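The values are calculated or read from the model by the stated rules, or taken from the named source; none is laboratory data. Note that the structure is predicted; figures quoted are calculated from it, not measured. So basically every Cβ, Gly included, is an ideal-geometry build from the backbone, and we count neighbours across all protein chains shown.
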Amino acid sequence: MSSPASDSRLTDGNGNPLLSPLAVLERYTAHDGTLASAFASRMRADPDRLFMRCGERRWTWQQAGAAIERVACALHARGVRHGDRVAVVGRNSDGHVLMLFALARLGAIDVPVNPDFSVREARYVLDHAEVCGVVCSEETLAVARAASEGLTQPPWFLLLEQPGDDLDGLLRIASATDPQHVDTALPPPAGAADTCLIVYTSGTTGFPKGAMHSQRSFVIGGEAFVQRVHLQPDDRVMIVLPLFHINATFYSVAGTLAAGCSMAIVPRFSASTFWSTACEVEATEVNIIEAIGTILVNRPRTEFRPEHRLRAMYGVRGPVEPAFRNEFKVAHLVGGYGMTEIPGVTCNPITGPRKVGSMGQIGRHPDPALPWAQCRVVNEHGEDALADDRGEFGGEVSGEVSGELWVKTPIVMQGYFRDEAQTRDAFVDGWFRTGDMVRRDADGFYFFVCRIKDIIRRRGENIAGAELDRVIGEHPAVHEAAAIAVPAELGEDDILVAIALKPGATALATDIAQWARERLAPQKVPRYVLFVPELPHTPTHKVAKAVLKADVTLRSRAVDLRS
């Protein structure tokens, strides 16, 4: 379906209108839904365009394509076959991207692993995924080797960058003209329905689950990201979120693939150098999460570089929006909602109406002819919150509804690896149960309330821990707050809030209680207040409330305001 070639409502940094998302995709020949086919169509269009940079290394689309082929040949020579899993353990690097595409070419599966995992955590993933090989950095080699000890099938090892004393290096293979790394007998290309990624959840409760995604899911996920931020062929996507996380892979890498643009890979997020790095790599788009937005807004303004070229940022939402728009001069701020299992469900449209602090409306693909996501808001019985709530994009909605969000979307996991029971429990008649409480207004905008497991039951009422986090977090002395349930003497829950103060700030527990009383209903005022140097976080920078709940000493260390 044709569309206007440009969107006059949006311009680049020079005042030129941006190509419409569909016009971006239509620049390239059709693909078959696989990573190899989509990559080839972009490479043919402009082989000398920059594909990615990492530090001093640069790869054009053509150079990256040749490197991917060499790595695929080397992996095939090591015995990697269709359906095999290979773990990648290391900080963000160009090697991550080469491995993803090389494994996909073989129909094999990339299993990215958090480089900060302990031996125990890494062993669980390597064992559960039944990996045949591990590609890691020198920094993570010792942990990865220790984690592999005792596995039924010991994996082979390869270093992400240069060779070590006894291990070959991925970048040497990728850059080699040496025929020992060329195997001309590669298998036929994989199919769009083949699994290409297993992304393990952060595991804040119980054991991590491995969400499997197909090649088609990855490719169309990138196309949907082009729609969300109007990614252009000449954009430069800066990747600061970890490549073991769905945001960096399904939005940044897949978006770069879909738009045919380039990416700048940063080993890890650094608040102090964020703006200078954005200038150095000439970034025009970057994805962050809310916690990073808050961190950047609270950093000294001496670190800000007004000459940056960032046109769009995904993940900026809530109270920090005015600072990014007015102080940091980022024109297009897009916030949205997705999960490891269902990336990119909703977003605030880059053009048209938007509501600060919302998850936005249901997203869509650049081609309006393609069927896309549907959402339902259901009660505890799995029934629609309103009888006329059909959950269809553009459907009639009367008033506001609240409940658990259920989603149907073409960008959905194939299931949890080796876990049929959890997969079965996650779906009801094809609807994915998110476990998130949301509110939807009459205009079809969704607002996150809390995780269902973050509900505190007090005095017969349900209280959203996320609401307390936000309200108490707005206290001038508070850097971050986390409210959790602790047992009450007479049953149900009492509220404990753990607080990390801003550097140099002071506050008393009674100050926090008074702040809460002035802004919250009486039953929401915390009974216990505990000041801590810092709160624990998941690998994706969210507060790890499960870690707090597991600490049996919290209540004894907290101030009991009732006493």
Check your understanding: Within the range 341-376, restricting attention to residues that are surrounded by fewer than 20 Cβ atoms within 10 Å (Cβ to Cβ) and among the β-branched types (Val, Ile, Thr), which residue is nearest to Ala291 (Cα to Cα)?
Key -> Val356
Review point. How many of the residues in the range 117-139 are closer than 17 Å to Pro267 by Cα and either touching a Ser or Thr at 6+ places or on another chain (Cβ under 9 Å) or buried (at least 24 other Cβ atoms within 10 Å of the Cβ) (or both)?
Key: 4
Practice item. Working only within the range 201-227, note down all residues that are crowded, with 23+ Cβ neighbours inside 10 Å, part of a helix (DSSP H, G or I) and not polar (S, T, N, Q). Key: Phe218, Val219, Ile220, Gly221, Gly222, Glu223, Ala224, Phe225, Val226
Study note, to complete from the structure: Of (1) crowded, with 17+ Cβ neighbours inside 10 Å; (2) assigned to a helix (DSSP H, G or I), Gln62 satisfies every one except (1)
Practice item. Looking only at the range 243-256, decide whether some residue is crowded, with 22+ Cβ neighbours inside 10 Å, of a type in the set (Gly, Ala, Ser) and not in a helix (DSSP H, G or I). Key: no
Exercise for review: Among the residues of the range 424-445, write down those that are without any contact (Cβ under 8 Å) to a residue 60 or more places away in the chain, over 30 Å from Ile499 (Cα atoms) and in a strand (DSSP E or B).
Suggested key: Phe427, Val428, Trp431, Arg433
Exercise for review: Go through the residues of the range 476-486 one by one and say whether even a single one is charged (D, E, K, R), under 24 Å from Val320 (Cα atoms) and touching a residue at least 12 places away in the same chain (Cβ under 8 Å).
Suggested key: yes
Practice item. Evaluate the range 474-493: report whether one residue or more is at pLDDT below 95, assigned to a helix (DSSP H, G or I), under 24 Å from Phe447 (Cα atoms) and among the aliphatic types (A, V, I, L, M). Key: no
Review point. Is it true that Phe447 is closer than 30 Å to Leu197 by Cβ and surrounded by 18 or more Cβ atoms within 10 Å (Cβ to Cβ)?
Key: no
Review point. Residues in the range 40-58: is at least one of a type outside the set (S, T, N, Q), assigned by TED's automatic domain parsing to the domain that holds Glu139 and more than 20 Å from Ser262 (Cα to Cα)?
Key: no
Point to revise | Options Arg123, Arg172, Arg145: the member that is assigned by TED's automatic domain parsing to the domain that holds Ala66, without any contact (Cβ under 8 Å) to a residue 40 or more places away in the chain and under 17 Å from Gly210 (Cα atoms) | key: Arg123
**Study point:** Matching residues, the range 321-333, being in contact with a strand residue (DSSP E or B) (Cβ under 9 Å, 6 or more places away or on another chain), not aromatic (Phe, Trp, Tyr) and not in a loop (DSSP other than H, G, I, E, B)
**Key:** Glu321, Arg325, His332, Leu333
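How about the range 257-307: which of its residues are of a type in the set (Gly, Ala, Ser), surrounded by fewer than 20 Cβ atoms within 10 Å (Cβ to Cβ) and outside any loop (DSSP other than H, G, I, E, B)? Before you say what the answer is, go through the steps one by one.
Of all residues in the range 257-307, those of a type in the set (Gly, Ala, Ser) come to 258-260, 262, 264, 270-272, 276, 278, 283, 291, 293.
Imposing the further condition that a residue be surrounded by fewer than 20 Cβ atoms within 10 Å (Cβ to Cβ) reduces the set to 270-272, 276, 291.
Ser276, Ala291, listed by residue number.
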Practice item. Check Ala477 against each of (1) hydrophobic (A, V, I, L, M, F, W, C); (2) out of contact with any Ser or Thr (no Cβ under 9 Å at 6 or more places or on another chain); (3) surrounded by 14 or more Cβ atoms within 10 Å (Cβ to Cβ) and name the one condition it does not meet. Key: (2)
Review point. Within the range 516-534, how many residues turn out to be at pLDDT below 95 and either touching a Lys or Arg at 6+ places or on another chain (Cβ under 9 Å) or in a helix (DSSP H, G or I) (or both)?
Key: 6
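Would you point out which residue out of Val24, Val80, Val86, Val97 is more than 26 Å from the chain's Cα centre (by Cα), among the β-branched types (Val, Ile, Thr) and at pLDDT 95 or above? Talk me through it step by step, then tell me what you get.
Values: Val24 fails: more than 26 Å from the chain's Cα centre (by Cα); Val86 fails: more than 26 Å from the chain's Cα centre (by Cα); Val97 fails: more than 26 Å from the chain's Cα centre (by Cα).
Answer to the check: Val80.
Looking at this structure, is Asn92 crowded, with 18+ Cβ neighbours inside 10 Å, in contact with a Pro (Cβ under 6 Å, 6 or more places away or on another chain) and within 17 Å of Thr201 (Cα to Cα)? It would help to see each step written out before you state the result.
Working: crowded, with 18+ Cβ neighbours inside 10 Å: yes; in contact with a Pro (Cβ under 6 Å, 6 or more places away or on another chain): yes; within 17 Å of Thr201 (Cα to Cα): no.
Criteria not met by Asn92.
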Exercise for review: Would you please list the contacts, defined by Cβ atoms under 8 Å and residues six or more apart or on different chains, that run from a residue in the range 446-471 that is more than 15 Å from Gly318 (Cα to Cα) to a residue that is modelled with pLDDT under 80 and not in a strand (DSSP E or B)?
Suggested key: Lys453/Thr205; Arg457/Glu492; Arg458/Glu492; Arg459/Glu492; Gly460/Glu492
